[in-house]
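J.: Here it is: the structure, laid out below.
A short reminder: the numbers here are calculations on the coordinates, not readings from a lab. Given the structure is predicted, the values throughout are model-derived calculations rather than measurements. Neighbour counts are summed over all protein chains in view; Cβ atoms, including those assigned to glycine, are modelled from backbone coordinates with ideal geometry.
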Amino acid sequence: MDFSISDRMQGLLAQINELIETVVFPLERLVADKGFFGAEAELNAARDKIKAAGLWAPNAPEDLGGMGLTMVEHGMVSEALGRSPFGHYVFGCQAPDAGNIEILHKYGTDEQKDRFLKPLVAGEIRSCFSMTEPANAGSNPTMLSCTAVKDGDDYVINGRKWFTTAADGAAFAVVMAVTNPDGGKHGKATQIIVPTNTPGFNLVRNIPIMGHAGEGWFSHAEIEYKDCRVPQSNRLGAEGSGFMIAQERLGPGRIHHCMRWIGICERAFDLMCQRAATRDMGGGKPLGSKQIVAAWIAESRAKINAARYMVLHAAWTIDQQGFYAAREEVSLIKFYVADVMMEVVDRAVQTHGALGITDDTVLSFFYAHERGARIYDGPDEVHKVVVARRIMNQYADATGNKAHS
Ligand SMILES: Cc1cc2nc3c(=O)[nH]c(=O)nc-3n(C[C@H](O)[C@H](O)[C@H](O)COP(=O)(O)OP(=O)(O)OC[C@H]3O[C@@H](n4cnc5c(N)ncnc54)[C@H](O)[C@@H]3O)c2cc1C
């Protein structure tokens with residue numbers, strides 16, 4: 001395993017880090033004050049600077065103008081961008097669009113690519129992914145109730161979704177709906193593209209998250225699909241392939257989140273150390289001179305480093321052997337890195353005292369909005385159960401008994 005960073009990557013990372021600090025960090029205060037839509041002009045101006053620097057959509061496939069990064073390189077770039085809640089957005093590689101770009105690139109028809117993929121990659125429009133339903137356990141997404149029934153050349157979609165991230169202001173949604181009720185657990189659903197201006201696409205509300213409903217890209221919507229009619233040509237992939245495509249989307253999505261979370265850890269750690277070094281606790285002694293705070297700093301450093309190496313190793317395994325070979329590692333990092341991030345952010349908040357829970361630093365944003373990390377893309381418990389089952393099955397006894405089938 002070789003994690004040395006090529007000269008090209010070192011230059012690229014230095015350039016990205018500088019842009020994050022000079023172009024993206026100043027936007028944080030602005031968006032906190034004016035909201036996403038209120039600050040959209042400034043956000044777009046920042047995106048133009050990134051495009052002019054030739055760094056737009058670094059993760060996109062090369063034939064779409066991306067950089068053709070390896071997974072390890074992607075991890076390093078994503079960490080740099082993750083230092084700000086706006087990094088990925090300003091560089092044009094934010095969730096959920098990045099995942100939708102991947103599946104449209106792979107499964108979209110020429111017409112779908114022209115109409116939806118190209119403007120999405122260019123940052124001219126946004127999109128969302130609508131799978132989870134309030135009435136069903138999202139941890140078992142095969143329990144879908146939303147249906148898409150054929151009628152002439154169309155599908156008519158009925159159902160209720162929630163946590164459709166970034167639906168507010170999106171141009172289209174990719175919806176998971178049951179098209180083949182008899183298709184078996186994994187063959188009954190299909191992904192369908194629904195332009196959000198279609199009659200029957202009803203954005204009910206942006207769901208308040210810990211006191212903030214948010215707006216635009218920073219929101220999670222509840223959506224009612226009511227007799228929502230779209231042409232069958234909007235189907236993504238084959239009928240009944242919805243879960244297979246969702247798995248393809250979620251696999252990379254999980255490691256991408258972990259890479260971003262390392263960036264959040266680094267930002268929180270940086271703020272914690274700055275505060276610990278400069279907050280005078282009396283007699284000229286800084287907060288960091290207290291042993292307990294010093295221990296937080298040392299322990300956080302160790303855990304972030306461990307988390308980073310785990311993520312890079314998973315990325316390296318993917319580069320060498322593909323996603324399937326890395327599936328256990330990806331499950332491990334999905335819950336481990338989320339946990340490290342929550343702990344580091346919590347300690348950074350604590351180090352700041354009352355300031356830590358205000359909106360005067362970015363920490364409270366991370367604290368409130370990243371708690372979901374332990375829930376989305378498979379809650380911690382699901383990943384732990386999956387990993388433990390695989391491990392225990394290696395200890396099957398001589399009779400072939402398995403821990404689980
Ligand atoms: C910030 C955020 C953004 C999201 N964005 C999107 C999006 O863009 N599109 C979309 O479709 N969905 C999105 N989701 C929804 C997300 O995919 C679901 O929340 C997730 O799949 C869990 O489903 P659930 O909330 O229904 O929890 P449930 O399935 O009801 O599970 C509740 C809890 O039960 C426990 N649990 C579950 N399974 C097991 C098990 N096997 N063993 C032990 N314990 C278990 C876990 O602790 C879990 O948190 C988002 C969620 C969040 C928090």
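J.: Pop the C-beta distance of Met1 and Ala238 into the FRET formula with R0 = 41 Å and round what comes out to the nearest 0.05.
T.: It comes out at approximately 0.60.
J.: Please compute the length gained on full extension between Glu224 and Ala354, using 0.36 nm multiplied by the number of residues separating them and subtracting their Cα-Cα distance.
T.: Result for the pair: 42.8 nm of gain on full extension.
J.: Ok, one more. Arg389 versus Lys290, label points 7 Å from Cα toward the beta carbon: distance in nm?
T.: For Arg389 paired with Lys290, the spin-label model returns 4.5 nm.
J.: Per DSSP H run of n ≥ 4, the term is -39500 (n - 2.57); total these for the chain, divide by its residue number, and report the mean residue ellipticity at 222 nm rounded to 500 deg cm²/dmol.
T.: Value at 222 nm, helices only, nearest 500: -15000 deg cm²/dmol.
J.: From the square roots a ≥ b ≥ c of the eigenvalues of the alpha-carbon gyration tensor of the range 244-393, which class results: rounded (a/c under 1.5), prolate (a/b over b/c), or oblate?
T.: Prolate shape, in that a/c is at least 1.5 and a/b is the bigger ratio.
J.: With the cut-off at 1.5 for a/c, could you classify the range 7-108 from its C-alpha gyration tensor as rounded, prolate or oblate?
T.: Note, shape of the range 7-108 comes out oblate.
J.: May I pose another question? May I ask you to order 170-178, 107-115, 191-199 by the average number of other C-beta atoms within 10 Å around their residues, highest value first?
T.: 170-178, 191-199, 107-115
J.: Quick one: which of 143-152, 227-236 comes out on top by average Cβ neighbours within 10 Å, and what's the full order, highest first?
T.: Descending mean neighbour count gives 227-236, 143-152.
J.: Also, I was wondering about something else. For the range 108-173, what class follows from the C-alpha gyration tensor (a ≥ b ≥ c being the square roots of its eigenvalues): rounded when a/c is under 1.5, otherwise prolate if a/b is larger than b/c, else oblate?
T.: Judged from the Cα gyration tensor, the range 108-173 comes out oblate (a/c at least 1.5, b/c at or above a/b).
J.: ³J(HN,Hα) across the range 215-220 via Karplus (A = 6.51, B = -1.76, C = 1.60, θ = phi - 60°), whole Hz, x for Gly/Pro?
T.: 7, x, 5, 8, 7, 10
J.: Which of the peptides 85-97, 22-34, 245-257 is most tightly packed, and how do the rest follow, judged by the mean count of other Cβ atoms within 10 Å per residue?
T.: 85-97, 245-257, 22-34
J.: For Ser289, what charge total do you get from the other residues with a beta carbon under 14 Å from its beta carbon, if Lys and Arg give +1 and Asp and Glu give -1?
T.: +3
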